[in-house]
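What follows is a single structure, written as structure tokens, with notes after it.
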Amino acid sequence: MCGIAGLIHRGRNANVGAEITAMLQALKHRGPDSTGYAVYGSGGEGELIMRLKVAEQEDLGRGRGIHKVIRDRIDTVDGILAEHGAAVSAKEHATEYALRYVFSHAGDVADLAAHIEETPGVEILSLGRGLELIKDLGDASVVAGAYGLDDFTGTHGIGHTRMATESDVDIRSAHPYWAFPYNDVSVVHNGQITNYWIQRREMERKGHRFMSDCDSELLAVYTAHHLSEGSSLEDSLRRSIDEIDGVFTYLVATRDSLGMAKDTMAAKPLVLYESDDMIAMASEEVAIRSILPQEIDTWDPYDEEVRVWQA
């Protein structure tokens, strides 16, 4: 069933971490397995922000040896960053297995990221100028508390509560998805893509990597591919309605925009609210009312509807 949510503030920063947490907690009944966020801040001038995991949450129960494995993996990542000439200005442990790095780097970011991901057990969740992607097992209150999201200030973000149907209950299969190595593109999705393997093989032939067998990851790779080819976000969303089969509603965020698309049958719900300075959307209206308790007007997008908003 899953639940998706997104919001964007026009021309100003806000506490988007707390807002999306409230929205996702209101959608907890739609997906108890995991919760994920893609939130967008301003970032430092010339700096990159990298979120990565060096183990799954469930790995911590596999004996004391896993803690040394985790430390060794982190040491390897630190060594690779130094080898590539990255100047790390901040390194934070959100959990024992999830880290946040801030660094400057004048070289090839894709080459650096690929080298890091050669380390067994290490996966980059996001790498960009503004995007910070956080996902873990548990509901929104648990994940937000562990990762300090209630204090995150930015312009926009998207989030997801997941009910696992066709892939494992782990961080790798949780949403949102980032598309390596394209900075600041993230996707959340509710639905099922029936031509997933056909489209995935096509993207792999073009040189793209996949880190899971979740069909939703395809939408991130698909979007990033078309943006890298010069398409606008709106063009990519419209094209997906014709080329991707199944039932789907999905949200895409970039460094300065937020978009949505619904398939031809419009079977997966989405409710929209729009004002002069804020746009909010979610699988159910209760999520929007969790941050806007006053009287508001909302509406449901039609089939094949595409919308894009700028921060």
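The values are calculated or read from the model by the stated rules, or taken from the named source; none is laboratory data. Quick caveat: nothing in here was measured; it's all calculated off a predicted structure. Virtual Cβ from ideal backbone geometry, glycine too; neighbours counted across all protein chains shown. Please note that ligands, DNA and RNA were not included when accessible areas were found on the heavy atoms of the full protein model with its side chains. Shrake-Rupley method; radii C 1.70, N 1.55, O 1.52, S 1.80 Å.
Computed across the chain, the Kirkwood radius stands at 19.4 Å (inverse of mean 1/r, all Cα pairs). Under a Gaussian network description of the chain, with springs only between Cα atoms under 10 Å, the residue in E202, E19, E123 that fluctuates furthest is E202.
Counting only protein heavy atoms and a probe of 1.4 Å, the accessible surface of the chain is 46% carbon and sulfur. Exposed loop sites, defined as trypsin sites (Lys or Arg not before Pro) outside DSSP H, G, I, E and B with at most 15 other Cβ atoms within 10 Å, are absent from the longest region of the chain, namely 65-205.
Shape summary of the range 202-311, radius of gyration then Dmax from alpha carbon positions: 15.0, 50 Å.
In units of the rule-of-thumb radius 2.2 N^0.38 Å, the range 1-67 shows an alpha carbon radius of gyration of 1.51.
Taking only the C-alpha atoms of the range 71-139, the Rg (one decimal) and the largest Cα-Cα distance, Dmax (whole number), read 12.0, 38 Å. Here are some pairs, K206/K262; K28/K68; K28/K91; K28/K262; which of them have Cα atoms lying more than 28 Å apart in this structure? In this structure, K28/K68; K28/K91 exceed 28 Å between Cα atoms. For R162, the shell of other residues with beta-carbons less than 10 Å away shows a net charge of +1, using +1 for Lys and Arg and -1 for Asp and Glu. Positive contributions from Lys and Arg (+1) and negative ones from Asp and Glu (-1), summed over other residues with Cβ under 11 Å from the Cβ of Y40, come out at -1. Estimated translational diffusion coefficient (Stokes-Einstein, Kirkwood radius over Cα pairs, 37 °C, 0.692 mPa s) of the range 258-303: 291 µm² per second. Ligands, DNA and RNA are left out, and with a 1.4 angstrom probe the accessible area of the range 114-246 is 36 Å² per residue. Could you give the distance between the Cα centres of the range 1-24 and the range 217-283, to the whole Å? Result: 16 Å between the Cα centres. Taking all C-alpha pairs of the range 27-130, those more than 20 Å from each other amount to 42 percent.
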